[in-house]
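Report on the following structure.
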Amino acid sequence: MSEATPVVLSMRDVSKRFGPVEALKSMRLEVRPGRVHTILGENGAGKSTLMKILVGVHPPSGGEMRLEGRPYQPQSPRDAAAQGIAIVFQELSLCNNLTVAENIMAMHEPSRLGFINDRELRARAAELVRDLGLPVDVDAKVGRLSIAQRQLVEIAKGLSRPAKVLILDEPTSSLSDSEAEILFLIIDRLKARGTAILYISHRMEEIMRLSDDITVIRDGAYVATRQRDETSIEELITLMVGRRMDEIYPLRLAPAPGPEVAPALEVQGLSGPGFREISFDVRPGEILGFFGLIGSGRSEVMKALFGMGAHTGQVLLGGKPARIGSPAEAIAAGIGFVTENRKEEGLVLGAAVRPNISMAALPQFAGSAGFLRFGRERRAALDEVRRLAIRTSSLNTIAGTLSGGNQQKIVLAKWLLTRPRVLILDEPTRGVDVGAKFEIYRIIRELAAEGTAILLVSSELPEVLGLADRIAMMSEGALKATLARSELTPERVMAHATGTHQ
Amino acid sequence: MTQTTDNTPRAGRQQLVVALHQYGGILVSLVLLCVIFTLLNERFMTVANLTNILQQVAVVAIAAFGMTWVILLGEIDLSIGSIIAVAGMAGAQALAFGVGFVPALLFTLAAGALMGLINGVLTAKLALPSFIVTVATMGIYRGFVSLPTNGAPAMISDASWTAIGSDRLAGIPIIIWIVGVLFIFNHVLLSRTTFGRRTYLTGGNREAALYSGIKVDRLKIAIFTLSGVMAAISGILLSSRLYSAQTNAGMSYELDAIAAAVLGGTSLAGGVGTMVGTLIGALIIGVMNNGMNMLSVPYFYQLIVKGLVILIAVWLDVRAKRRQG
Amino acid sequence: MTQTTDNTPRAGRQQLVVALHQYGGILVSLVLLCVIFTLLNERFMTVANLTNILQQVAVVAIAAFGMTWVILLGEIDLSIGSIIAVAGMAGAQALAFGVGFVPALLFTLAAGALMGLINGVLTAKLALPSFIVTVATMGIYRGFVSLPTNGAPAMISDASWTAIGSDRLAGIPIIIWIVGVLFIFNHVLLSRTTFGRRTYLTGGNREAALYSGIKVDRLKIAIFTLSGVMAAISGILLSSRLYSAQTNAGMSYELDAIAAAVLGGTSLAGGVGTMVGTLIGALIIGVMNNGMNMLSVPYFYQLIVKGLVILIAVWLDVRAKRRQG
Amino acid sequence: DGIGASLLTQQHPFYIELADAMKAEAKAKGVALEVSIANQDLNKQLADVEDFIVKGVDVIVISPVDSQGVAAAIAKADAAGIKVVTVDVPAAEAKVTSHIGTDNYTGGVKAGELMAEVLGGKGKVAIIDYPTVQSVVARVEGFKKALESHPEIEIVAQQTGITRAEALAVSQNMLQANPEITGIFGFGDDAALAAAVAVKSAGLEDQVKVIGFDGMEEARNAVDTNPVMVGVIQQFPQEMGKTAIDTAVDVIAGKEVPAEQPIVPGVYTRK
Ligand SMILES: Nc1ncnc2c1ncn2[C@@H]1O[C@H](COP(=O)(O)OP(=O)(O)OP(=O)(O)O)[C@@H](O)[C@H]1O
Ligand SMILES: Nc1ncnc2c1ncn2[C@@H]1O[C@H](COP(=O)(O)OP(=O)(O)OP(=O)(O)O)[C@@H](O)[C@H]1O
Ligand SMILES: [Mg+2]
Ligand SMILES: [Mg+2]
């Protein structure tokens, strides 16, 4: 341990209850300047709760916190910021109705007597964005940015004020590798300046690369703190899930279908807003990966396939031309779509787990005269909860109170119930912990083995490499190449994605 | 961490507990009001008066059932007061035309459905906020109601029509039968069918519902149409009770209907609410109006008390729900 | 992917283009209405009549400024019609009591602020939906207004008070000066200050605003208070124009105010809207009322036309915005 | 040019008959008439009058939304040099060229006397009122005044029932609270007709007598056919409308007109 460096922020015996839920118990932590301290834990372990306590969103139920040796009791995020603790939240907290600049400078707008100096505001925001090297226009309305761009704006907002401690709660979950690189450069600069960084991520490679110290928590309780140099991914995973995990990417259960198998889905010359002339096919039991940088148009293509966007071109399902003008038609044609933004497009956060799981497959549970068959629905939902190991106290729990990873599994469960022939997965493991990730990969494998054709959109290169039989490379709305398994190496894939391949 | 449990189908007693949890706050208000009025006036707690209250509350309650659907979807329908008036006038005109009772009834319901449909289509297909659509149609329908008679009321002398509002069936006023049947209809439709489920889901998150294959536009149109039909039934009852169609009938009833739904725990953000709650909410409003009349509370004080009771009841309810976490 | 560009401050012509983009849809409606009325009646486009329209629109426009703030926050204030009435009565009573013009004015403004404050505190501190809070206070305030005179109107004979509504300053009616000043005040406060920015932030994403350290509750209370003050000013103008405080003054003006704001592009979901838009929206309503009177359109047809124009104008506006992407 | 008329409402038979009579008389006299409806909103009435002034009518006929508040509209017309004639409700604070209207107070007294007569000088009476309308307040005052000389008649309830639906609920509730009520006075036809329905549904037809005010066709028919409706104070909107237009025409012609032209209400009972 680097006892030499002083502790800037510490907490001892901190606990937090939400009604009956004990989100944190006897948590402890010591954060040092100039070091990246990662908090590692499964979904729902209490990481975000911990961070929210640190910035005054929630008051702790017990325990004490110290900042530079003095007792620290933040009353609000603003109070925390004033004391030098800044945060980039896990759930995006931007105002879609305002511009990037206005969001970044929110609550510390340059002003005199309450009058905002707009020119100054834009200049400062633009300078910050340029300084950080972020590819966003400060005058753009946030509502029109892609998720990844919003994540970058969120980071810029967190960095817009000098901080002693910067908290980053899963900042890379919506970023692809090249954007993540931008963030890592920023982190290195901050470290050099002596800023302490509290970091949360589920990506093990990234954690091992970035961290100095790693604290593992499980079920809201402190487990251990390790220095990066003294530990290994295997040890960390064992500490985190309480058992050993040797393999992250499960092996194929059945061999990939050969070219003799007729495609389940064929797309020919699909064009629409944000993409053009996309042609590919996918066979039953095959996993076709889609890789590209953020904004390369993958999500737009998938939405179009699902009937959620204007498009031209031909789509063949099982060899027959299909006209898909709405999600209802897409579902009827056997397509499922795990969308990338679970909060907005995936879940009804205010509804319970059961209706969320059954919502895409409702016709299955309709009896005569439209009456719901509750027993059937409950059994089906329960099966999915068990199969995906979703951590929820009951089927009647409100979906919005579950941790991010478990919410993601519910979205997956919802689509599994429709028994799709073609399943589109758009960033299916965003924000999911390694254990859950493994389970999701295992399910993807199972589905493939059962003959489902799978389109896997992911910005995580290891994920695509680990799962896909072939990879379609997208860049600026065009399909650059489709590589077969034998051609897949990280270097070749990145070269195609960034357009440096000739 | 907690284990996934599967609740077994709820037994009778357990259901009571659930109901108390869900409606505790609002039931307290209703019971309290009844107790106060009973203490202050011995004639309040009589069968005659309770029948009275139910009859008086019928018009608003039925409109509130329709409003509950609309609010569950996260929308609002301010035109129902005008639809109530148009329905009465449509019935009166059809009867005056001599088409007979049943055709007049069907014509009136069709008129209600059409007006609701227009609201729904404008909201869904033009993607306009329902608040503004129904503010506009509120004026338009109110204008239409006055065209046949140039603003004057239209007398209704058809015996079957007026019987709805004044006769009894098996000792119970027909109007109460109608409220009962419509309550059960709406309650079952909402809580037991896929249509109801779709309404909750769409109200909870429109985008997610759309991605899950729910035809959101169609659902919206269906629900505004349903609301129009409920308002038309309200209008039939009202005109039947008054033996005439008034051109200013139902004015500002939309606010009473909304108040009933919200008192009953329906969230204006959509996705949360029940018909049971709305019925209780409507009863609170009815009991309050009746009780204060019985006590000869002057009109202006009635306005004040009514506002205060709504505030307190909603507050009690919100607080009770928050306690349960 | 878009590049980081640093736009130079926008020049005058560019601003015009921006304004046309932003208000194109609604301006088209306003201009169209004016053209139609001018063609149909040669007296419409006269200075006298335009002054007339501005005076008539003043009461609703000022209330709509306040309403715009509330809606921007994602809330609603249905009580402003009642506040308008209470303000007039408060002024009349204070004047009758002999306190003099300026104290009566201050008393009236304070009464408006208090009523808005109550709305704000109930909404923010009890965490109740503002729709239901202000439906309740709408009734409560309407009840209060009748207490001093038992429902009768109160005459106002104070010369300064009545001068507000009828005299001119530098050739322009005082009432128009007041609308102008209040428009500039609200516009600048909304678009140039941190207070306005906080309103946009909170209306856009309440959670995010909270996380950014905005004291959302306090802001909400401040804005409802502001809305109450605007309504009180409306009430002063109205009572001054009428030489009296009517107990049923301002009835359903809240709907006109909301319609003005929404016509002007304010989103009922919060976070989007401007004072310029609201002013244009109020003008549309005023021009429509005046124009139809000038053409002697019968009352019921006026209701229908007004509803249709609101629908068409909002639709044009929404469509224009969608075109721009 | 011509006459501009601003009427209180268009949702009440009395005002519809008034408007119809005015239109018919204007047609007969060959004078232009424009009618606007204030919809019980004084501000709208003021705006309507302002619009008349801009249009340049010769004379304005107003049935005021409120007797005091109408002063502003009259002042505006005055300032523009346009003469004003009021119908139905008088203007309290402003001088007008002529007023044509029912004497509501006297009508109320007549209603009270009729009530005392049908009750045989003793009983319990309820009133349905509309306290924000001055003409109604005058009726109720007159009604109470007449009953003062009958000490054995007691007023046991007075409630507000503005629309027919409200009046029905209010009557039911008053009858529920005071089953010994023997007479109900409704401030208008709507209130009285609603009270009659309530009496019937409470099964008190033999006990309760209802008296109304306005005397439009529906109420007169009810008096003829329904024993519960014992009488109605009758106003004469046709005569009022005709007189108003005649007066306005005289004003345009520059003739002298009487400042007060009272239309005495009648008492309509079963023949
Ligand atoms: N506001 C809340 N009300 C009730 N329970 C909550 C609330 N916030 C969090 N929880 C619960 O607290 C626990 C910890 O949640 P938290 O969001 O801190 O997990 P996490 O470690 O950040 O998970 P993830 O990796 O999925 O983001 C979970 O069981 C969650 O359901
Ligand atoms: N309506 C629109 N107007 C302008 N640009 C749009 C619109 N919709 C999408 N875009 C842009 O099109 C690009 C493609 O976005 P898309 O979400 O499909 O990319 P992606 O490859 O899936 O990346 P991500 O990782 O962000 O999901 C993005 O830059 C997005 O901002
Ligand atoms: Mg988290
Ligand atoms: Mg994407």
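The values are calculated or read from the model by the stated rules, or taken from the named source; none is laboratory data. Quick caveat: nothing in here was measured; it's all calculated off a predicted structure. We place every Cβ from the backbone using ideal geometry, glycine too, and count neighbours over all the protein chains shown. Ligands, DNA and RNA are excluded from the accessible area calculation, which covers all protein heavy atoms including side chains. Shrake-Rupley method; radii C 1.70, N 1.55, O 1.52, S 1.80 Å.
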Cα pair distances exceeding 17 angstrom across the range A:236-326, given as percent:
61 percent
For the range A:6-132, restrict the atom set to alpha-carbon positions and state the Rg and Dmax in Å.
17.3, 50
Kindly give the distances from C:His21 to its copy-mates, label point to label point, with each label point 7 Å from Cα along Cα→Cβ, as nm values to one decimal ordered shortest first.
5.2
Kirkwood hydrodynamic radius, computed over distinct alpha-carbon pairs, for the range A:82-172: how many Å, to one decimal?
13.3 Å
Based on Cα coordinates alone, diagonalise the gyration tensor for the range A:39-95, multiply each eigenvalue by 5, take square roots, and list the semi-axes in whole Å, largest first.
19, 16, 10
Order by protection proxy (mean Cβ within 10 Å, highest first), peptides C:225-234, C:282-291, C:159-168:
C:225-234, C:282-291, C:159-168
Which distances, in nm and shortest first, link the B:Phe101 label point to the same label point in every other copy, taking 7 Å along Cα→Cβ?
6.8
For A:Arg218, the residues 5 or more places away or on another chain with a placed amide H closer than 5 Å to its own amide H are A:Val223
Bins of 20 Å from zero: percent of alpha-carbon pairs in chain B
31, 58, 11, 0
Viscosity 0.890 mPa s, 25 °C: Kirkwood-radius Stokes-Einstein D of the range D:1-53 over Cα pairs, µm²/s
215 µm²/s
Taking protein heavy atoms only, a 1.4 Å probe, and rounding to whole percent, the accessible area of chain C owed to carbon and sulfur comes out at 67 percent
The answer for A:Ala481, listing residues at least 5 apart or on another chain whose modeled amide H is closer than 5 Å to its amide H, is A:Met473
Given 25 °C and 0.890 mPa s, compute D for the range A:252-396 with the Stokes-Einstein relation, Rh being the Kirkwood radius over Cα pairs; round to the nearest whole µm²/s.
139 µm²/s
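Can you pull the percent of the range A:123-212's accessible area that's carbon plus sulfur, 1.4 Å probe, other chains left in place?
Working: 1500 of 2970 Å².
Answer for the range A:123-212: carbon and sulfur cover 51 percent of the accessible area.
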Using packing as a proxy for protection, rank A:203-216, C:264-277 so that the peptide with the highest average count of other Cβ atoms within 10 Å comes first.
C:264-277, A:203-216
Taking N as the number of residues in chain A, the ratio of its alpha carbon radius of gyration to 2.2 N^0.38 Å works out to 1.00
Can you give the average number of partner chain beta-carbon atoms within 10 Å of each beta-carbon in peptide A:195-205, as a whole number?
0
For chains C and B related by rotation, which residue of C has the Cβ nearest the axis, and what is the rounded distance in Å?
C:Ser252, 4
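Across peptide A:300-312, what mean number of C-beta atoms from other chains lies inside 10 Å of a residue's C-beta?
If you average over the peptide's residues, the count of other-chain Cβ atoms is 1.
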If each Cα of the range A:426-489 is one equal point scatterer, what is log10 of I(q)/I(0) from the Debye formula at q = 0.12, 0.19, 0.26 Å⁻¹?
-0.32, -0.79, -1.27
Can you give me the distance in nm between label points at B:Ser191 and B:Ser296, each placed 7 Å from the Cα along the Cα-to-Cβ direction?
4.3 nm
log₁₀ I(q)/I(0) of the range A:9-241 at q = 0.10, 0.18 Å⁻¹, via Debye over equal Cα point scatterers, no solvent, to two decimals?
-0.46, -1.40
Let me know the Rg and Dmax you get for the range A:1-42 when you use only its Cα atoms, in Å.
13.1, 41
Can you give the Rg and Dmax of the range A:135-246 based on its C-alpha atoms, in angstrom?
15.8, 49
Using the reciprocal of the averaged 1/r over all distinct C-alpha pairs, how large is the Kirkwood radius of the range B:235-288 in Å?
12.2 Å
So what's the Cα pair-distance distribution over the protein assembly as shown, bin width 10 Å, in %?
1, 8, 15, 19, 19, 15, 10, 7, 4, 2, 0, 0
Of all beta bridges DSSP finds with both residues in chain A, what is the antiparallel percent, to the nearest 5?
55 percent
Fraction in percent of alpha-carbon pairs per bin - 5 Å, chain D
1, 6, 13, 17, 17, 13, 10, 9, 6, 4, 2, 0
Helix-only [θ]222 nm of the protein assembly as shown, DSSP H runs n ≥ 4, -39500 (n - 2.57) each, per residue, nearest 500:
-17500 deg cm²/dmol
Taking the square root of 5 times each eigenvalue of the Cα gyration tensor, what semi-axes in Å does the equivalent ellipsoid of the range B:143-275 have, largest first?
33, 19, 13
On alpha carbon coordinates alone, what is the Rg over Rh value for the range C:229-325, Rh being the Kirkwood radius?
1.02
Give me D for the range D:203-271 in µm² s⁻¹, whole number, from Stokes-Einstein with Rh from the Kirkwood sum over alpha-carbon pairs, 20 °C and 1.002 mPa s.
152 µm²/s
Å² of accessible area per residue within the range B:27-180, as computed with a 1.4 Å probe and no ligands counted
36 Å²
Residue by residue through the range A:51-56, the couplings from Karplus 6.51 cos²θ - 1.76 cosθ + 1.60 with θ = phi - 60°, in Hz, x for Gly and Pro, are 5, 5, 5, 5, 10, x
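When Cβ neighbours within 10 Å are restricted to other protein chains, what is their mean count per residue of peptide A:100-107?
Mean shielding count: 4.
When only DSSP loop residues count, what GluC sites (Glu not before Pro) in the range A:305-412 have their Cβ near at most 16 other Cβ atoms within 10 Å?
Taking the range A:305-412 and a limit of 16 other Cβ atoms within 10 Å, no loop GluC sites (Glu not before Pro) are found.
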Beta bridge orientation in the range A:9-241: antiparallel %, DSSP, nearest 5
55 percent
HN-Hα J in Hz across the range C:73-84 - Karplus 6.51, -1.76, 1.60, θ = phi - 60°, x for Gly and Pro:
7, x, 10, 9, 10, 8, 8, 5, x, 5, 5, 4
Could you give the angle, 0 to 90 degrees to the nearest 10, between helix D:237-252's Cα long axis and the longest principal axis of the Cα atoms of chain D?
20 degrees
Label position 7 Å from Cα toward Cβ: report the copy-to-copy distances for C:Glu42 in nm, one decimal, ordered from shortest.
7.9
Averaging over every viewing direction, what projected area does the convex hull of the Cα atoms of the range C:49-168 cover, in nm²?
8.5 nm²
Calculated P(r) tail over 16 Å for the range A:340-429, as whole % of Cα pairs:
49 percent
Under 5 Å between amide H atoms, partner at least 5 residues away or on a different chain: which partners does D:Ile155 have, H built in plane at 1.01 Å?
D:Val125
Semi-axes of the equivalent ellipsoid for the range C:154-217, Cα gyration tensor, largest first, Å
39, 15, 7
